[in-house]
Amino acid sequence: MSLSEISDKIARACVAAGRPEGAAKLIAVSKVQPNARVQAVLEEGHRCFGENKVQEAAGKWPDFKEQFTGVDLHLIGPLQSNKTRAAMELFDAIHSVDRPKLATSIARIAQELGRCPDLFVQINTGEEAQKAGVLPRDADDFIKECQGLDLPVQGLMCIPPVEEEPSLHFALLAKIAKRNGLAGLSMGMSSDFERAVALGATHVRVGSAIFGERVAG
Ligand SMILES: *Cc1c(COP(=O)(O)O)cnc(C)c1O
């Protein structure tokens, strides 16, 4: 699908859900894509991108940021503590805040840098052992802990289990956000972004539907 087809689908899903047309932002997930494809999407005028690895992003985005103004870069993959500073210097938003140690280190580095990316707390809605994120039952305490550190928590993020109906997970994420007074919902990927928008997504993370399948590896 083209970028404009996806944007149209998002806008229509917003309106169908009784939300303003621009209520959900499209994060084009450019991980593993050849630079020429990313460049083509930048040339179409899109500026909001997602990457899941700090090192990979650090290899390509400084150059793109020199060529194109207004790039809005989101880290959507897990963040190792030793890469926190690099991530905070490069990214405008981090969607994978999921443990006290990371929150503390973000708070400390934010003090030093005098700025902090927008933050999303990742919730492991499917309670999957191999997946990052805070368990739903621990979410309220962890969100409060982050807020106690003065972190700019904008919302929550989830990656539903592959085998399950994603809408149940989107609804759970929305419920946890609502009771914590958080407006942001980072949810929905290529296969389910319209369902995510219907349930209140403010950020959808779409990769393969825009760029084509990622080359394995
Ligand atoms: C890769 C990735 C996406 C995009 O997945 P697609 O199915 O290609 O749209 C979204 N979110 C996260 C966290 C990812 O790692």
> Of the cross-linked pairs Lys60/Lys175; Lys101/Lys131; Lys65/Lys144, which ones have a Cα-Cα span greater than 28 Å in the structure shown?
Replying inline: Lys60/Lys175; Lys65/Lys144
>> I'd like the distance between the alpha-carbon centres of the range 1-80 and the range 94-139, rounded to an integer number of Å.
In response: 21
>> Can you show me the helix-derived [θ] at 222 nm for the chain, built from DSSP H runs with n ≥ 4 at -39,500 (n - 2.57) apiece and divided by the number of residues, rounded to the nearest 500.
In response: -13000 deg cm²/dmol
> In the full protein assembly as shown, how much of Glu164 is accessible to a 1.4 Å probe, in Å² to the nearest 10?
Replying inline: 90
> Counting alpha carbon pairs within less than 8 Å and at least 6 residues apart, what relative contact order, in whole percent, applies to the range 62-142?
Replying inline: 25
> Taking the Cα centre of the chain as the origin and placing charges on Cβ (Lys, Arg +1; Asp, Glu -1), which of Gly212, Ala87, Ala17 is farthest toward the positive end of the dipole?
Replying inline: Ala87
>> Using the Cα centre of the range 3-211 as the reference point, and only Cβ charges (+1 on K/R, -1 on D/E), how large is the resulting charge dipole? Debye, rounded to the nearest 20.
In response: 260
> In 5 Å bins starting at 0, how do the alpha-carbon pair distances of the range 28-75 split up by percent?
Replying inline: 5, 22, 41, 26, 5, 0
> Rounded to whole Å and sorted largest first, what semi-axes of the equivalent ellipsoid does the C-alpha gyration tensor of the range 1-137 yield via the square root of 5 times each eigenvalue?
Replying inline: 26, 21, 14
>> Per q in 0.17 Å⁻¹, report the Debye log10 I(q)/I(0) for the range 107-217, using one uniform scatterer on each alpha carbon and no solvent.
In response: -0.84
> Ignoring any ligand, DNA or RNA, what whole percent of the accessible area of the range 3-211 comes from carbon and sulfur when the probe is 1.4 angstrom?
Replying inline: 50
> Say the dipole of the chain comes from +1 at the beta carbon of Lys and Arg and -1 at that of Asp and Glu; which of Gln130, Ala36, Cys146 then lies farthest toward its positive end?
Replying inline: Cys146
> How about Lys9: which lysines have a C-alpha closer than 18 Å to its C-alpha, ignoring those fewer than 8 places off in the same chain?
Replying inline: Lys25
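The values are calculated or read from the model by the stated rules, or taken from the named source; none is laboratory data. All values reported here derive from a predicted model rather than from experimental measurement. Note that we place each Cβ from the backbone using ideal geometry, even for glycine, and neighbour counts take in every protein chain shown. Accessible surface is based on the protein model in full, side chains and every heavy atom, while ligands, DNA and RNA are left aside. Shrake-Rupley method; radii C 1.70, N 1.55, O 1.52, S 1.80 Å.
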